């Protein structure tokens, strides 16, 4: 299970760090340079197993988010990473 999360984070970081831009497409309104408006921080701890006390490795992953391009996605992602639960949303 931990490996799935690790692979997800690695793929997400590699996508964020790719240097390809959409500005090459004709008739595109995407800016040539993106502005990072928010940062999501994940602290990663690797142990032998879930019950182990010894930490084999630890680190921090910082993901830059482009709030001017996808503001609702950034807001949702920041809300999830901060662990904020909205109380006014009805649950089905």
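The values are calculated or read from the model by the stated rules, or taken from the named source; none is laboratory data. Just so we're clear, the structure is a prediction, and the values are computed from it rather than from any experiment. Cβ coordinates were reconstructed from backbone atoms using ideal geometry, including for glycine residues, and neighbour counts include every protein chain displayed.
Filtered by the rule that a residue be in contact (Cβ under 8 Å) with a residue 40 or more places away in the chain and either surrounded by 11 or more Cβ atoms within 10 Å (Cβ to Cβ) or more than 24 Å from residue 83 (Cβ to Cβ) (or both), region 30-57 gives 38, 40, 46. Residues in region 58-79 that are free of Cβ contacts under 8 Å to residues at least 24 places away in the same chain and touching a strand residue (DSSP E or B) at 6+ places or on another chain (Cβ under 9 Å): 58, 59, 60, 62, 73, 75.
When 23, 67 are checked against the criterion of being surrounded by 11 or more Cβ atoms within 10 Å (Cβ to Cβ) and either farther than 25 Å from residue 5 by Cβ or at pLDDT below 65 (or both), 23 stands alone in meeting it.
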